[in-house]
Amino acid sequence: MIVCSKCGHTNPAQKFCGQCGNKLLTDDAIAVQSVEKQNQDITNKTNRWILGTVLFLLIWILGSFAITYLAGQAHLDDRYAGIIAFVIGLIVMVVVGLSEKSSEEDESIKN
């Protein structure tokens, strides 16, 4: 939403004010757009960390079961299965959570 600098009317993102016809694409509009972009960037980072955490939990749980099962089949000691799966899951979570994608890359993927 953009507030007209002439009459104070709140407008959606458009070129001219719906109340007085004043041109809206000014510094105010640029500031509002940059705040919206910052909010979108924060949302994207949060989503990446949520995805990383979910992957971490899946790898930890499923990995420890798989390593324990395979160790049992090969008659090996499986006491470190949970730690191995934990470390692999932690690495995946950090890599996914810290991956930096710029909004330009996101937009090029969408198009």
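The values are calculated or read from the model by the stated rules, or taken from the named source; none is laboratory data. Remember, predicted model here, so these are calculated numbers, not experimental data. We place every Cβ from the backbone using ideal geometry, glycine too, and count neighbours over all the protein chains shown.
So the values come out like this:
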quantity	calculated
Extreme residue, surrounded by the fewest Cβ atoms within 10 Å (Cβ to Cβ), among residues of segment 1-21 that are under 19 Å from Val35 (Cα atoms) and among the hydrophobic types (A, V, I, L, M, F, W, C)	Met1
Residue selected from segment 37-81 under the condition under 11 Å from the mean Cα position of the chain (by Cα) and among the charged types (D, E, K, R), by the criterion modelled with the lowest pLDDT	Asp41
Single residue of segment 1-36 satisfying the filter (polar (S, T, N, Q) and not in a helix (DSSP H, G or I)) that is modelled with the highest pLDDT	Gln19
Qualifying positions in segment 60-76 - surrounded by 13 or more Cβ atoms within 10 Å (Cβ to Cβ) and of a type in the set (A, V, I, L, M)	Ile61, Ala66, Ile67, Ala71
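Yes or no, residue by residue, for (1) within 30 Å of Met1 (Cβ to Cβ); (2) of a type in the set (S, T, N, Q); (3) free of Cβ contacts under 8 Å to residues at least 12 places away in the same chain:
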{"position": "Asn39", "(1), (2), (3)": "yes, yes, yes"}
{"position": "Asn44", "(1), (2), (3)": "yes, yes, no"}
{"position": "Trp49", "(1), (2), (3)": "yes, no, no"}
{"position": "Thr53", "(1), (2), (3)": "no, yes, no"}
{"position": "Phe56", "(1), (2), (3)": "no, no, no"}
{"position": "Thr68", "(1), (2), (3)": "no, yes, no"}
{"position": "Ala71", "(1), (2), (3)": "no, no, yes"}
{"position": "Asp78", "(1), (2), (3)": "no, no, yes"}
{"position": "Ile84", "(1), (2), (3)": "no, no, no"}
